[in-house]
Structures are given as C-alpha cells and as structure tokens.
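Below you'll find the structure, written out as structure tokens, and then a few comments.
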Amino acid sequence: MFRGSSYHTIDDKGRIVIPSRFRELLRSENGDGIMISRMDRCLVAFPMSSWNRLEERILKLAEKSEVMRRFRRVFIGGAHECACDKQDRLLIPPALRQYAGLNKEIVLVGVLDHFEIWSRENYENEELMLANDLKDPEARNEIAKLGI
C-alpha cells in the first residue's frame, strides 16, 4: 500500500524521482509501469495491475449516466502510461503537468492503492480545505466511523 507523503521537485523536462518506498511497491506489482490520470487538480498514479482492476470496475458499471460518460471520457481519455527510467525518474507528459500546475515544487502522497502527484501549492490548499471540512460535524462523524 502507498502511504505517506514526500516533497520533491520536478525538473524542466517534467521528470520526477519516485521515492524508493513507492518504487518497491511498483516493482512488486510486476514492473515499473504506471498509469497516470487526472482528478481534483492533481495527478493520480496507479500500478498497472491496480489500473486494470479499476478499468474492469468502470466497464462493469451499469450506470451510463451523462456524468459517468463524461467521467470516463476525461479520466480514461486523459490517462497516460509511464515507466521509470534507469535513474528511477518518471516523465510526466506536458498535458498532465499543465492540468495539475506542476512547475517546480511537488508533493507525492500515498493513498493506499495509488499515489497522487500534487503541486505544493495545490496540496497545501487541500490541507486547508480539510481543516475547514473538519469543522462540519457531519464530516467529523463520517471520519469517526473509521474509528479515528
């Protein structure tokens, strides 16, 4: 499982270094292949095996609403397969860098079955939004159901 967060930089060519703890998980999933898409002003990166399971779940959905068609079009249509190079760097395609606002400082965040790639600024805004969310008793109760 992907856990924790770490601060990094993205170089001028759009390459990032994947933390060793994430690389080990990727390799244990049969290779360095990663599928990256976009959501919530960040990039979501899945090992290929997890991505394949996600695609299967999406295909099996009975729901064919306009919202789900649009989600599939943007999320699946915006996905790019990437691999780590010999220096354990991952090249992020320009369209994805632009979507997430990745310029220099970035944050990699483990989210169990995948990890996210954030611009530092967007991630700090996300942390502030959570702090505001936690002022809502309904949100606190939802989290309390986890036993936290």
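The values are calculated or read from the model by the stated rules, or taken from the named source; none is laboratory data. No experiment lies behind these values; they were computed from the predicted model shown. All Cβ positions, glycine included, derive from the backbone under ideal geometry; neighbour counts span all protein chains shown.
Observations on the model:
- Within the range 79-105, considering residues that are surrounded by fewer than 12 Cβ atoms within 10 Å (Cβ to Cβ) and in contact (Cβ under 8 Å) with a residue 60 or more places away in the chain, the one nearest to Val44 (Cα to Cα): Pro94
- When Ile76, Ile34 are checked against the criterion of being surrounded by fewer than 17 Cβ atoms within 10 Å (Cβ to Cβ) and over 21 Å from Arg120 (Cα atoms), Ile76 stands alone in meeting it.
- All of (1) surrounded by 15 or more Cβ atoms within 10 Å (Cβ to Cβ); (2) closer than 19 Å to Glu116 by Cβ; (3) charged (D, E, K, R) hold for Arg53 with one exception: (1).
- Test: residue in the range 24-41 that is among the charged types (D, E, K, R) and assigned to a helix (DSSP H, G or I): yes
- Positions within the range 13-47 being among the charged types (D, E, K, R) and either touching a Ser or Thr at 6+ places or on another chain (Cβ under 7 Å) or at positive phi (or both), in sequence order: Glu29, Asp40, Arg41
- Among residues that are among the basic types (Lys, Arg), at positive phi and under 14 Å from the mean Cα position of the chain (by Cα), Arg3 is not included.
- Residue ID - nearest to the chain's Cα centre (by Cα), chosen from residues in the range 44-66 that are among the hydrophobic types (A, V, I, L, M, F, W, C) and not in a helix (DSSP H, G or I): Val44
- Hits in the range 73-113 (condition: among the small types (Gly, Ala, Ser) and not in a helix (DSSP H, G or I)): Gly78, Ala79, Ala83, Gly101, Gly110
- Verdict on Arg69 being modelled with pLDDT under 90 and assigned to a helix (DSSP H, G or I): yes
- If you go through the range 106-127 and keep only what is of a type in the set (A, V, I, L, M) and either over 30 Å from Arg15 (Cβ atoms) or surrounded by 10 or more Cβ atoms within 10 Å (Cβ to Cβ) (or both), you end up with Ile106, Val107, Leu108, Val109, Val111, Ile117.
- Residue list for the range 94-131, restricted to those being at pLDDT 95 or above, within 18 Å of Met48 (Cα to Cα) and of a type outside the set (A, V, I, L, M, F, W, C): Gly110, Glu116
- Of all residues making up the range 8-23, the number that are in contact with a Leu (Cβ under 9 Å, 6 or more places away or on another chain) and either closer than 12 Å to Glu116 by Cα or in a loop (DSSP other than H, G, I, E, B) (or both): 6
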